[in-house]
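Data first, discussion second: the structure below is written as structure tokens.
The values are calculated or read from the model by the stated rules, or taken from the named source; none is laboratory data. Bear in mind the structure is a predicted one, so any value in this text is a computation, not a measurement. Cβ placement follows ideal geometry from the backbone for every residue including glycine, while neighbour counts extend to all protein chains displayed. Side chains included, ligands, DNA and RNA excluded: accessible areas come from the protein's heavy atoms. Shrake-Rupley method; radii C 1.70, N 1.55, O 1.52, S 1.80 Å.
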Amino acid sequence: MMAGTASSTLPEPISEGGTLLRDGLIWAIFCRPGHEPVELERSVVTQRLLTGAFPPELAETDGWAWFHFDIVHTLSRTQIESIPSLPEEVRQVLTNLERSIRLDSEDETVFGALPAFDDTTTDDDRNVSTWRFALQPDLLVTTRRHPIPALGVVFHELRRRLVPRSPAYLVDRALLEFADTLRRDFARLDDQLDRAEDVLLMLDRDTDLGRMSGLLGLVRRRSTELRRVLAPVDRLFHDEELELPEWAEDDLRDRSQRQVHAALDDLLALQDRARSLQDELTSNQAEETNHRLYIVSLGTTLMLPATFVTGFFGMNTGGMFLTNGSWGTVEAGGLCFAIMLGTWVLLKFTRLL
């Protein structure tokens, strides 16, 4: 399939949107604003990676290319590590299997590793993965270990001819999709806090505070996990030592910084609300515990005189009164009740009840 044919179609998407080749290349497309992306032949991909330039029929256009690799494949890692057109540090970042977050630039190449949700779990408990990229004015190289839905969203937008002027926009768009997914998670967690707040405001004796504590614990745990991912990204864009090329400055630093910072603000507000509800729940649990201890103490206090009377009558001594007569037990029981009643009146009089 020739790269210059605008009517060419891309392979049927698998996961993110491409067909996995034996060397780990998921897709290689050439994009021009206003045109549908076209699939590049393998020889064109090899030429661009080895020489740093496209064939003349592509180099003379105002387009750019996107090469996406699965670095689980050993061949893809070996191929990326031997690309002479990319600096050595960039190649190391692209093939790194660690989950650290990074954003840096060298000459006209912007590179780094950014977070994204993978598609290996349910929406309620998404795992956060990392995808890596190297960005030049006419080329975007991305690598990943797990399928990244955010990259699939960007890929399908390109197929609808929503092609930007610079590949830097794709990195920004993937971050925007990540931030949008975060906000959907925040909304779901906020709904759980709404239910917890409704229960706490309408407490009754049948309220299961233990279950509410577990619900708030899940929300706080999940929000803490997301903050550990989002906070480093926010620090990256606020790093004063980060100098990006002029062609990537607007897309990456300005818009991405606002998106990530807004998501972090939402997360901090969610955590503050969760802490407030946790404090309220702790207060209610302490109040319920004190109430139960109060009932136990009151019962013990009221039974104390009766315990004394029964202990007194249980002594095996001679001359015990109420032993001669058929109503001795009734009279002893009445005495216990009278003493308990007197104790209750005394507690009321001294305002201990």
Filtered residue count, the stretch 83-105, keeping only those that are assigned to a loop (DSSP other than H, G, I, E, B), among the small types (Gly, Ala, Ser) and either within 25 Å of residue 129 (Cα to Cα) or at pLDDT 90 or above (or both): 1
Residue match in the stretch 17-27 (condition: modelled with pLDDT of 85 or more and either open to solvent by 50 Å² or more (accessible area, probe 1.4 Å) or in contact with a Gly (Cβ under 6 Å, 6 or more places away or on another chain) (or both)): yes
Hits in the stretch 172-210 (condition: surrounded by 11 or more Cβ atoms within 10 Å (Cβ to Cβ), at pLDDT below 85 and of a type in the set (D, E, K, R)): 195, 197
Residue match in the stretch 306-315 (condition: in a helix (DSSP H, G or I), in contact (Cβ under 8 Å) with a residue 40 or more places away in the chain and open to solvent by less than 60 Å² (accessible area, probe 1.4 Å)): no
Considering residues of the stretch 133-170 that are without any contact (Cβ under 8 Å) to a residue 60 or more places away in the chain and in a helix (DSSP H, G or I) only, the residue nearest to residue 36 (Cα to Cα): 157
Looking only at the stretch 267-281, and only at residues there that are of a type outside the set (A, V, I, L, M, F, W, C) and modelled with pLDDT under 90, the one that is surrounded by the fewest Cβ atoms within 10 Å (Cβ to Cβ): 279
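Taking the conditions exactly as written (under 30 Å from residue 176 (Cβ atoms), part of a helix (DSSP H, G or I), of a type in the set (A, V, I, L, M) and at pLDDT 80 or above), does residue 293 satisfy them or not?
no
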